[in-house]
Amino acid sequence: MHTHLMLGNEAVARGAWEAGVQVAAAYPGTPSTEIVTNLARYDGVYAEWSTNEKVAYEVAFGAAMGGARALTAMKSAGGSVAADPLISSVYTGINGGLVVCLAGDPGMASGMTEQDDRYFGRISSMPMLEPADSQECYEYAKRAFAMSEEFDVPVMVRLSIQTAHQKSIVRFDGEVAPDEDDPRKVARPAPERRPPDRKTEKYCLLPKFSRPLHRTLLERVERLYQFAEASAASGDLARVEPAAAAVPLRGGGTARIGVVSAGAAHLSAREALPGAAFLKLGMIYPLPVEAIRAFARTVDRLFVVEELEPYLEEQILAAGIACEGKKWFPQWGELTAVRVGRGFHAAGLDLPRWAEEKAAEDVTVIPRPPVLCTGCPHRGMATAMKKLNLDVHGDIGCYDLTTLPPVSHMHSAVEMGASIPMEQGFSRAGGSETGSLAVIGDSTFLHSGLTGLLNAVHQRTNMTLLIQDNRITAMTGGQTNPGNERTLAGVETKPVDIAGICKALGVEQIEVLDPYDYAACLDALKAGLAYDGPAVIITNRPCMLFPSKIGGEAFTVDEDVCNACQQCMKLGCPSLSHTAAEHKGRKKVRIDEETCTGCSLCEQLCKPGAISKAKAGVA
């Protein structure tokens, strides 16, 4: 066997590649991004960043219908975007194997909501596997493709952020010998492709065809229930881990404690209560109810440890099996060993260690709020919007950070593409005295903003839209989008013209400007607000970090001239800080010339003229 230390997402990619995946499509979203990023580095895989998750799902679905094994990956919110084809594909079935990787975010490390994506399995009747570590990520990815083709259905591999981003040892089964340093640098035999599937009655969801398909789906679910029970009985996709010892109770005596768990929560529960017996589930839809019933008979008390909703607990209770769960364990955030241990202790188990141990949320740490990078092109417009005191309806991107101090001037950020229709509704409700606008980034606009803008034009809505085009999908790590010159695979392509798209949608008032020109930002906002009809403003500076950090000549502060007016500090630039020197009780300002990118916004805001280039030259 060959071993490598891998992220869970890397292990999924490796397993999928060994299983013969040929097409992978996704829209980048933490914590799922690295799956397709890694697949793109393997030979023999076509991988793309699609315009959104729905498109990505349909690309993968089409590839599977064409007989190839295909994969799509997305975060929880992306599952909502892709829900239409996701549910429909379970009705139709597939041809080549189709695996859906859905990555949840308990604790909301990067997500907008803490939704429990395990319910996608139940609502769609799609079988769902949940790995706990990188080894299982590797194995379950391979197993999912085999299951998909055996049962003629897409199979979901559900990960949490902990599973996706933790590193652990992966032992390859030796079928394909990996490179000693990089497991991606190997060849594989050409995957077999099934003949394309041309069956109108299978893939056309007209009522004439979909009514019998629903009955077929229900028959498949029954076969999957039988499969789940058989795999649990054999120890394949569920395993019993016997108790190490009886667990002491706080009132005296001991008890046989059993725990049902899956995924990352299983690892935390094992650490919190190593003496208990465990039924570790690998398949969480359909649920092997009879295996759980048999396990429950062997213990005095049965606990269910799971993150977020009582997904397992409700099904176990509905089957008439007594268990305890959310009464003791929180329904929010990641379930660390400390939080799980506290729950067990509160339930009457004698675990003084966990009663005293501090959880991460208990520890006071130095605040480190996220900020826009030095030289970020979003900063000038954010400052201008605050200057005009506008109501700002934002979207999903780096510009969300302007909701935080010192800018603190974005008033909504709900989900991908929402900013434009929400601004339309806000405008129709009467707007505000100072004016309002929608703000969206280039990648998000191409993801789900076009239909909202089309609606604004068709409905003749007076609204202003600011598209902040920084030429990259920056917030998730600098992935490409249709506005770039190259695809994920590095193939040269023609970038879309966002201004041209807006014109084609019917927008007549379009202004493209440099966001580092503060006066131009103010003028463009005023002109857009004054226009009768939809107006679009597009900024045109690239992200400072991708593909490589760029910048002009640094600026410096003449401390003798600085009057500590604090206008430059309102930008929230990390290169600006206070000095010990004061003027009229306020601290003066300095610029870190090592990190300054020369964007010049601070110079434009400096009323006394204390800021200038550190050296002669043009930035």
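The values are calculated or read from the model by the stated rules, or taken from the named source; none is laboratory data. Here the structure is a predicted model, which is why all the values come from computation and not from measurement. Every residue, glycine as well, gets a Cβ built from its backbone with ideal geometry; the counts of neighbours run over all protein chains shown. Each accessible area value is taken on the protein alone, full model and side chains, heavy atoms only, with ligands, DNA and RNA left out. Shrake-Rupley method; radii C 1.70, N 1.55, O 1.52, S 1.80 Å.
Consider Arg171 carefully, then state whether it is open to solvent by less than 80 Å² (accessible area, probe 1.4 Å) and touching a residue at least 24 places away in the same chain (Cβ under 8 Å).
Against the criterion (open to solvent by less than 80 Å² (accessible area, probe 1.4 Å) and touching a residue at least 24 places away in the same chain (Cβ under 8 Å)), Arg171 does not qualify.
Name the residues in region 548-591 that are β-branched (Val, Ile, Thr), within 17 Å of Gly609 (Cα to Cα) and more than 37 Å from the chain's Cα centre (by Cα), would you? Result: Thr556, Val557, Val561, Val589. The set of residues in region 123-132 being within 16 Å of Gly282 (Cα to Cα) and touching a Pro at 6+ places or on another chain (Cβ under 9 Å) consists of Met126, Pro127, Met128.
Write out, first by first residue and then by second, each pair whose Cβ atoms fall under 7 Å of each other, whose residues are 6+ apart or on separate chains, and whose first residue, in region 277-305, is within 26 Å of Arg223 (Cα to Cα) and open to solvent by less than 20 Å² (accessible area, probe 1.4 Å) while the second is part of a helix (DSSP H, G or I) and among the β-branched types (Val, Ile, Thr). What qualifies is Leu279/Ile292; Pro286/Val221; Ile292/Ile316; Val304/Ile316. Checking region 458-468 against the condition returns no match, with no residue being touching a residue at least 12 places away in the same chain (Cβ under 8 Å), of a type in the set (Ser, Thr, Tyr) and within 25 Å of Glu48 (Cβ to Cβ).
Considered as a group, the residues in region 79-108 that are farther than 20 Å from Pro131 by Cα and among the small types (Gly, Ala, Ser) include one that is most open to solvent (accessible area, probe 1.4 Å), and that residue is Ser80. Filtering region 514-532 to residues that are closer than 20 Å to Ile420 by Cα, open to solvent by 10 Å² or more (accessible area, probe 1.4 Å) and not basic (Lys, Arg) leaves Ala527, Leu529, Ala530, Tyr531, Asp532.
Of all the listed residues (Cys602, Cys562), the sole one being surrounded by 21 or more Cβ atoms within 10 Å (Cβ to Cβ) and more than 26 Å from Leu401 (Cα to Cα) is Cys562. In region 258-266, is there at least one residue being at pLDDT 95 or above and either open to solvent by 20 Å² or more (accessible area, probe 1.4 Å) or of a type in the set (Phe, Trp, Tyr) (or both)? Checked region 258-266: no residue is at pLDDT 95 or above and either open to solvent by 20 Å² or more (accessible area, probe 1.4 Å) or of a type in the set (Phe, Trp, Tyr) (or both). Checked against the criterion of being surrounded by 14 or more Cβ atoms within 10 Å (Cβ to Cβ), without any contact (Cβ under 8 Å) to a residue 60 or more places away in the chain and not in a helix (DSSP H, G or I), the candidates Ile510, Ile501, Ile537 yield just one match: Ile510.
Only residues that are open to solvent by 30 Å² or more (accessible area, probe 1.4 Å) and either among the hydrophobic types (A, V, I, L, M, F, W, C) or at pLDDT 95 or above (or both) were counted in region 121-132, giving 1.
The residue that is most open to solvent (accessible area, probe 1.4 Å), among those in region 306-321 that are free of Cβ contacts under 8 Å to residues at least 40 places away in the same chain and in a loop (DSSP other than H, G, I, E, B), is Gly320.
Within region 194-203, if we keep just the residues that are closer than 15 Å to Tyr91 by Cα and either at pLDDT 85 or above or in contact with a Ser or Thr (Cβ under 8 Å, 6 or more places away or on another chain) (or both), the residue that is surrounded by the most Cβ atoms within 10 Å (Cβ to Cβ) turns out to be Tyr203.
Filtering region 385-413 to residues that are surrounded by fewer than 24 Cβ atoms within 10 Å (Cβ to Cβ) and of a type in the set (Asp, Glu) leaves Asp391, Asp400.
Tallying residues that are more than 19 Å from Glu201 (Cβ to Cβ) and either in contact with a Phe, Trp or Tyr (Cβ under 8 Å, 6 or more places away or on another chain) or surrounded by 24 or more Cβ atoms within 10 Å (Cβ to Cβ) (or both) within region 62-78 yields 10.
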